[in-house]
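What follows is a set of notes on a single structure, which appears directly below.
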Amino acid sequence: MSKIREYLESQKEEMINFLAELVAVRSVQNELNGEYPFGKKTAKALEKMLNKCSEYGFVTENVDWYAGSADFNNLEPELAILTHLDIVPEGTGWSSNPYILKRSDGRLIGRGTCDDKGPAVASLFALKAIRELAIPLKKGVRLIFGTNEENGSADMVYYRTKRSLPPMVFTPDGEYPVINGEKGMLRVYFSAEFDEDIEIKAGGVINAVPELCVEGIDFEAFFYHGKSAHASTPEKGENAITKFLADYSRQFNNKLLCGLAKFFPHNEFNGKSIFGDISGITCVISLLNTSENRLNGGIDIRFPLDRTKAEISKIICDRLESIGFEIDSCEGTEPHYTDEKSEFVQSLLRVYERVTGDKGRCITIGGGTYVHDIEGGVAFGAEFPDEDSNMHGPDEFITEESLLKNAEIMAEAVIEICG
């Protein structure tokens, strides 16, 4: 056992106890509240983290409650580890309170344990291990904690207007070994006048498969149940909206709803009914609700490296307009790619191989990580190959072993790059 791993083992209970404190904060984005851009709860989570960093002797900074940072030393940082403290809503289907950390058979269960509070704790204890073991660093390293990753990363947009990022950035907001390629993302909000005498409510956030759709007719409610999943991996869930649309279109003929049923068949995840033979796409209708005689919806699309945002935007907007919808907004990002031959990426792969004993490789994913808009950034962790932490779903978890292993890998990466 390495000295770093031995130290982290001695800190395991302290790590878990602090993770429990963070999990207890329901840091879901809320409306602007005074000085807090994403609500009091995200600010409270950030405050807890920065206080803990200060307690351990790191120099902290709060950038107007958008994000915060902790520096290892007084050297100009060459490396940043970027994590986020905001979470998606809890949804339903939990076996226990999602905001009370539950330990069960080596699992730490609670909202945010893997995405991304657990990795944030691991990053802190990685630096704590280096400091307590008096391992010298020749370069500066900075931890950055954001508060808006789940709703567009406006925190990083603001942060970068106030502070520059180090030349190397990785985020444990994905999976191992190294994610150096990410599909492009598109989020489309649409609406139309709607005079049907029914009420519809489905979806909580645009980047998650909705697990419940409620249809109200004449004071009677009908519930369509699905299974939540991240919008980048919709095949892991079941979409309650498309289940409702399929059922509705068999009985009624409203142009808007039947049009959506045609474009979004139940259990179709690749967008074929909209995009035809373009491969590598995932397409999820994730929001649908009625309000003030309007039908409103939202769609999450991930598209491959060889396509552009303009190309995909035109297709989806044309399709929606053809059945009577107006496009309220259509925003997104181009695909992201970092050269796998760079010394930064190769350093991370060496560390992964050394610590785990497994072969390192670069991968491209449909999900967008926290470095999607950061040139040269990559995702490094936190999920290991063949590990499914129920991210964005009920009973999200990180294992005690994964928490420790993430901290060990991050510590070794800091030493490799900055030592």
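The values are calculated or read from the model by the stated rules, or taken from the named source; none is laboratory data. In this text the structure is predicted, and so the values were computed from the model without any measurement. Don't worry about glycine lacking a Cβ; one is built from the backbone with ideal geometry, like all the others, and counts go over all protein chains shown. Side chains are part of the model used for accessible areas, which takes the heavy atoms of the whole protein and leaves out ligands, DNA and RNA. Shrake-Rupley method; radii C 1.70, N 1.55, O 1.52, S 1.80 Å.
A few comments on the model shown:
- For the chain, share of DSSP beta bridges that run antiparallel, in % to the nearest 5: 75
- Förster radius 22 Å - calculated FRET efficiency between Asn30 and Glu199 (Cβ-Cβ, nearest 0.05): 0.35
- Pair Thr161, Arg103: separation of 7 Å Cα→Cβ label points (nm): 4.4
- Residue among Gly184, Pro167, Gly152 farthest towards the positive dipole end of region 147-187, charges placed on Cβ: Pro167
- With the charge dipole of region 285-385 set up from +1 on Lys and Arg Cβ and -1 on Asp and Glu Cβ about the Cα centre, the Cα lying farthest toward the positive end among the listed residues Val355, Gly376, Asn293 is that of Val355.
- Figure note: Ser164, Ser191 ranked by solvent-accessible area, largest first, 1.4 Å probe, ligands and nucleic acids not counted: Ser164, Ser191.
- Dipole magnitude (debye, nearest 20) for region 66-123, charges at Cβ of Lys, Arg, Asp, Glu: 440
- Set Lys183/Lys405; Lys48/Lys117; Lys12/Lys405 screened for pairs whose C-alpha atoms are more than 23 Å apart: Lys183/Lys405
- Rough spin-label spacing in nm, given labels placed 7 Å along Cα→Cβ, for Glu76 and Asp373: 2.5
- Simple label model, 7 Å out from Cα along Cβ direction - Arg250 to Ala154, nm: 4.1
- Listed by chain and number, the aspartates and glutamates whose C-alpha is less than 16 Å from the C-alpha of Lys138, apart from same-chain residues fewer than 8 away, are Asp71, Glu76, Glu78, Glu412, Glu416.
- Summed over the residues of region 306-368 and divided among them, the accessible surface reaches 54 Å² per residue at a probe radius of 1.4 Å.
- For region 318-388, a simple Cβ point-charge model (Lys and Arg +1, Asp and Glu -1, everything else neutral) yields a dipole of about 560 debye relative to the Cα centre.
- Modelled FRET efficiency - R0 41 Å, Glu416 with Asp318, Cβ distances, 0.05 increments: 0.25
- Here region 100-247 was treated as a single set of alpha-carbon atoms; its pair distances binned every 5 Å from 0 give 2, 6, 10, 14, 16, 14, 11, 9, 7, 5, 3, 2, 1, 0, 0 percent.
- FRET efficiency, 1/(1 + (r/R0)^6) with R0 22 Å, evaluated for Lys12 and Thr356 via beta carbons: 0.70
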